[in-house]
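So the structure is just underneath, and the comments pick up after that.
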Amino acid sequence: MATDFWASSHYKRWIVDRPALRQARTEDLQYVDDPHHLDFFSVFFANGTSFITIA
């Protein structure tokens, strides 16, 4: 683990700004028929990752 957060891989790779999130969301919307399906996927994967971290 890095002692300096700003030099860590978490900051450099996983912290994204709102424009990047908006762009990713528009790209995701190209592949689904209904935008609500993305909401179901986010709930499904959030529940799945909670089981992975518990085990």
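Taken together, the values in this text are just the output of simple stated rules run on the coordinates, not laboratory data. These numbers were taken from a predicted model, which means no experiment stands behind them. Glycine gets a Cβ as well: all are built from the backbone with ideal geometry, and neighbour counts include every protein chain shown.
So which residues in region 1-15 are touching a helix residue (DSSP H, G or I) at 6+ places or on another chain (Cβ under 8 Å) and surrounded by 11 or more Cβ atoms within 10 Å (Cβ to Cβ)?
Across region 1-15, the qualifying residues are ALA2, TYR11.
Suppose we keep only residues that are touching a helix residue (DSSP H, G or I) at 6+ places or on another chain (Cβ under 8 Å) and outside any helix (DSSP H, G or I) within region 21-38. Which one would you say is surrounded by the most Cβ atoms within 10 Å (Cβ to Cβ)?
Ranking the candidates gives VAL32 first.
Please identify the pairs in which a residue from region 1-30 that is on the phi > 0 side of the Ramachandran plot has its Cβ atom under 8 Å from the Cβ atom of a residue that is of a type in the set (A, V, I, L, M, F, W, C), counting only partners at least 6 apart or on another chain.
Matching pairs, first to second residue: none at all.
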